[in-house]
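Working notes, structure below.
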Amino acid sequence: MIQKEKMIIKSVTNIALDTIEMVLENTFISKTAIPGQFLHASIEGHTLRRPISIADIDREKETVTILFKILGKGTEKLATYQAGMSFNVLGPSGNGFQIEDKQGTYLLIGGGIGVPPLYYLGKKLAEKQCQVISILGFQTKTNVFYEEKFRALGETFIVTNDGSYGETGFVTDIIERAGDFDSYFSCGPVPMLKAITKKLPTKPGLISLEERMGCGVGACMACVIPTNDGKSYQKICSDGPVFHAQEVSL
Amino acid sequence: MTNLAVHLPGLELKNPIMPASGCFGFGREYSTFYDLSKLGAVIMKAATGTERLGNPTPRVVETASGMLNAIGLQNPGVKNIIENEVPFLAAYDTSIIANIAGSTTTEYEAVARAFNETELVHAIELNISCPNVKEGGIQFGTDPAMAATVTEIVKNASNLPVYVKLSPNVTNIVEMAKAVEAAGADGLSMINTLTGMQMHLQSRKPLIANKTGGLSGPAIKPVAIRMIYEVRQHVNIPIIGMGGVTNAEDVLEFLLAGASAVAVGTANFSNPYICPEIIDALPATLERYGFDSVEEVIGKGIIPV
Ligand SMILES: Cc1cc2nc3c(=O)[nH]c(=O)nc-3n(C[C@H](O)[C@H](O)[C@H](O)COP(=O)(O)OP(=O)(O)OC[C@H]3O[C@@H](n4cnc5c(N)ncnc54)[C@H](O)[C@@H]3O)c2cc1C
Ligand SMILES: Cc1cc2nc3c(=O)[nH]c(=O)nc-3n(C[C@H](O)[C@H](O)[C@H](O)COP(=O)(O)O)c2cc1C
Ligand code: FES
């Protein structure tokens, strides 16, 4: 269930170029959210809310971590908020990553600011004694974040497009080297998701998508993506943001 | 005790506040936030004769004090709405207003007839002003003769009161209002969105896939107030006002200019509780400005002639 909740900022940390980690205190969301769900954040002076994924949760401390990149006016403003301040969100929003209750080997493939939701997912999988392999792609060295945190969950490959750090190229160049796996989870830019679903046509996979939103609750039809048969639409805010890789037309 | 009730053709409203069409779906999502019986009425998302898939994305973009949208009337079609959505809303103690759209007068007629037969809908909001579809919609809303024709056809197709939703994208709104009043409209609803456009600097392309979209939110409120004031001078049928309402003071402004009830659209996106919050704030706001009831505010703006 989505509620309007007040998030109290506990810390604000610059973790990479134009990339902010914010730890937020809230009981309801920390108790109810699952990996892949997002917060629809109200930012002062803006008509529309901004969707930001849940990157981590600490149920004991009742905190929710978000990671965001400063891209435009809204995220620029959010980045000026300090510890002790608060803002309201609608959340936890959307359908997250459904993880089966069986052990196995799972591949996480993240691109840029699509990496955050995969961290909480990886943590949950690791808690269930699953094998986690991560491939994280960034444009360049200064964009890289959370490398150590992912390494703590399992084998991790970092790829930069310009080769300034880790492997050179795209996440899809590394998939063969990750070995065999049961299914994959991915979040990142659409061209990356397209390349991955094309490369892994027979593997079960869940992908998380982005679209500009109005309401964020499924009422306004702003955030749609065509289904694979081209006959209807799914709403990213409420049917998604996580979909079966073969269910939607990228 | 301040009295919030408003009596309009077909609508006995316990208060003048209702969510605007397209900003509230068919109420389901918002019913998880609060009891919809609190609302004066609910205006449903536009219904067309058959399912419409709408426009490509991006369909929305934020603007200064508002947003542009080009949803393109995505809806499951009138039959599906009557079977699956209307009964859900009918379980609440509120009035249901069906927003209807079409590409041809025949389509408008069929949709109006279908809603009439349900007996669960209290009024029709005739949408002749959607700026985001290639055919129908807006052209009915910018030509007075066509607006009158479609109004007459929809009136004849049903016994429900018809509120014609006017487009602000015209040079002479009064002419449009007079034409539909003469054609038998029971009320007016205004304003729909103003067409607009926004560019993306990196790609040099419009941000909305449809190129242009409809501007809504606080940015358009002064335009809405001006148009309602102008129309109020020349027609006698009641007006449901809308455009950028975000609080109870805004509601009073619309009432003073001549609206009899007020719809809230874009503000639902910023705050899903906006409608009940405005309803709760109305009594104190009315009192602060010296009123005991909503009805006594309607058209009471002191405007030099
Ligand atoms: C489900 C979901 C989860 C997301 N998770 C994260 C995350 O964890 N970290 C992160 O940094 N970013 C995330 N994003 C992207 C983030 O929402 C945008 O970067 C942000 O809205 C940009 O806002 P702005 O005001 O800075 O940019 P502006 O360009 O000024 O924004 C203008 C409007 O466009 C919308 N918009 C712009 N880019 C996007 C986009 N990529 N997706 C959706 N709406 C957009 C904004 O919300 C706003 O309404 C996510 C998006 C979605 C849909
Ligand atoms: C996302 C969105 C969808 C809309 N869909 C409809 C619609 O289906 N039919 C209609 O008559 N008006 C539609 N409108 C217009 C609103 O009902 C309203 O007239 C307008 O947005 C001005 O009010 P506001 O500033 O409070 O949003 C839509 C507006 C928005 C923002
Ligand atoms: S943003 Fe309104 S339906 Fe998804």
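The values are calculated or read from the model by the stated rules, or taken from the named source; none is laboratory data. The structure presented is a predicted model; accordingly, all values stated were derived computationally and were not measured. Note: ideal-geometry Cβ built from the backbone for every residue, glycine included; neighbour counts use all protein chains shown. When the accessible area is computed, the model is the full protein with side chains, heavy atoms only, and any ligands, DNA or RNA have been set aside. Shrake-Rupley method; radii C 1.70, N 1.55, O 1.52, S 1.80 Å.
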(Q) Would the range B:30-102 count as rounded, prolate or oblate if I go by the C-alpha gyration tensor, calling it rounded below 1.5 in a/c and otherwise prolate when a/b exceeds b/c, oblate otherwise? (A) oblate
Q.
Within 13 Å, Cβ to Cβ, of A:Ile54, how many net charges do the neighbouring residues add up to if Lys/Arg are +1 and Asp/Glu are -1?
A. 0
Q) What is the gain in length, in nm to one decimal, between B:Gln139 and B:Leu120 on full extension, counting 0.36 nm per residue of separation less the C-alpha to C-alpha distance? A) 3.9 nm
Q) For B:Val6, what charge total do you get from the other residues with a beta carbon under 12 Å from its beta carbon, if Lys and Arg give +1 and Asp and Glu give -1? A) -2
Q: Order the following by accessible area, largest value first: B:His122, A:His46. Probe radius 1.4 Å; ligands, DNA and RNA are ignored.
A: B:His122, A:His46
**Q.** 10 Å Cβ shell holding at most 16 others, DSSP loop, trypsin sites (Lys or Arg not before Pro): longest site-free stretch of chain B
**A.** B:29-133
**Q.** the protein assembly as shown, accessible surface, carbon-and-sulfur percent (1.4 angstrom probe)
**A.** 50
Q) Within 10 Å of each Cβ of B:27-34, how many other protein chain Cβ atoms are there on average? A) 3
Q. With the Cα gyration tensor of the range A:105-208 giving a ≥ b ≥ c as the square roots of its eigenvalues, does the rule (a/c under 1.5 for rounded; else a/b larger than b/c for prolate; else oblate) give rounded, prolate or oblate?
A. oblate
**Q.** Spatially proximal lysines relative to A:Lys31 (Cα-Cα < 20 Å; intrachain offsets below 8 disregarded)
**A.** A:Lys4, A:Lys6, A:Lys10, A:Lys61, A:Lys123, A:Lys124, A:Lys128
Q: Name the shape class, rounded, prolate or oblate, that the alpha-carbon gyration tensor gives for the range B:1-137, where a ≥ b ≥ c are the square roots of its eigenvalues, rounded holds for a/c under 1.5, and otherwise prolate holds if a/b is larger than b/c and oblate otherwise.
A: oblate
Q: Can you tell me how much longer the chain between A:Lys31 and A:Asp182 gets when fully stretched, taken as 0.36 nm per residue apart minus their C-alpha distance, in nm with one decimal?
A: 51.5 nm
Q.
I'd like the distance between the alpha-carbon centres of the range B:181-209 and the range B:219-244, rounded to an integer number of Å.
A. 16
Q) Averaged across the residues of A:219-230, what count of C-beta atoms belonging to other chains lies within 10 Å of each residue's C-beta? A) 6
Q | A:Thr142 accessible area, assembled protein chains, probe 1.4 Å, Å² | A | 80
Q | Number of partner chain Cβ atoms within 10 Å, mean per residue of A:41-51 | A | 4
**Q.** Rounded to the nearest 10 Å², the accessible area of B:Glu125 at probe 1.4 Å
**A.** 0
Q: Counting only heavy atoms of the protein chains, get the accessible area per residue of the range A:3-93 (1.4 Å probe) and round it to a whole Å² value.
A: 41
**Q.** Within-14-Å neighbourhood charge of A:Thr156 [Cβ basis; K, R +1; D, E -1]
**A.** 0
Q. What's the buried accessible area, both sides, between B and A using a 1.4 Å probe, rounded to 100 Å²?
A. 2300
Q. Roughly speaking, what is the centre-to-centre gap between the range A:185-250 and the range B:1-37 when only Cα atoms are used, to the nearest Å?
A. 34
Q) Binned at 5 Å from 0, what are the whole-percent values of the Cα-Cα distance distribution for the range B:195-305, short to long? A) 2, 11, 19, 18, 17, 12, 8, 6, 4, 2, 0
Q | Sequence of A:Arg50, A:Arg177 when ordered by accessible area, the most exposed leading, probe 1.4 angstrom | A | A:Arg177, A:Arg50
Q: Output the DSSP H helices from chain B with an along-axis C-alpha extent of no less than 15 Å and a mean Kyte-Doolittle hydropathy no less than 0.5.
A: B:144-157, B:274-288
Q. R0 = 25 Å: FRET efficiency of B:His234 with B:Tyr289, Cβ-based, nearest 0.05?
A. 0.45
